[in-house]
Amino acid sequence: SMKPRRKFPVPNWRTCIFVLFISCSSNSKETLDCMPAYILAEVAIHDATIYEEYKKRTPEILEAFEGKFLLRGLPVHALEGNWDHDRLVLLEFPTREKALAWYHSTEYQEAKGIRDEASNARFLLIGE
């Protein structure tokens, strides 16, 4: 005699949207403002000493805007196409607005000035 299997409700799309709405609403007034945004940076470094100064300044500025590093400084191997940069960095922010506020902040623009002396970079904003 086998025990009957316990039935667990399987979430449907309405449940998933509701959960998303609740989690977003608890953090912000607008549900569209709760989606994370990402900044992907490709960096070609030509002066490592100066670039180290930029790396020292960035974490504190990033934290002030609720941003975090998802990856940085890991080796990159191109599976297709060419990779001609020294560094790949992926940042996450709670919203697009926070990402833009961080990038345009006085503190980051000062650090960016140091980065510009040491490297060439492409920064891409990803998210609504």
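The values are calculated or read from the model by the stated rules, or taken from the named source; none is laboratory data. Note that the coordinates shown come from a computational prediction; the quantities given were computed from them, not determined experimentally. Please note: Cβ atoms are built from the backbone with ideal geometry, for glycine as well, and neighbour counts cover all protein chains shown. Surface areas here come from the heavy atoms of the whole protein model, side chains and all, with no ligands, DNA or RNA. Shrake-Rupley method; radii C 1.70, N 1.55, O 1.52, S 1.80 Å.
Brief remarks on what is shown
- Residues in the range 38-56 that are surrounded by fewer than 17 Cβ atoms within 10 Å (Cβ to Cβ) and under 22 Å from Arg96 (Cα atoms): Tyr38, Leu40.
- Residue within the range 77-91 that is at negative phi, in contact with a Phe, Trp or Tyr (Cβ under 9 Å, 6 or more places away or on another chain) and touching a residue at least 60 places away in the same chain (Cβ under 8 Å) present: no
- Whichever residue in the range 91-128 is in a strand (DSSP E or B) and of a type in the set (Gly, Ala, Ser) and, among such residues, is most open to solvent (accessible area, probe 1.4 Å): Ala121
- Leu88 vs. criteria open to solvent by 50 Å² or more (accessible area, probe 1.4 Å) and in contact with a strand residue (DSSP E or B) (Cβ under 7 Å, 6 or more places away or on another chain): no
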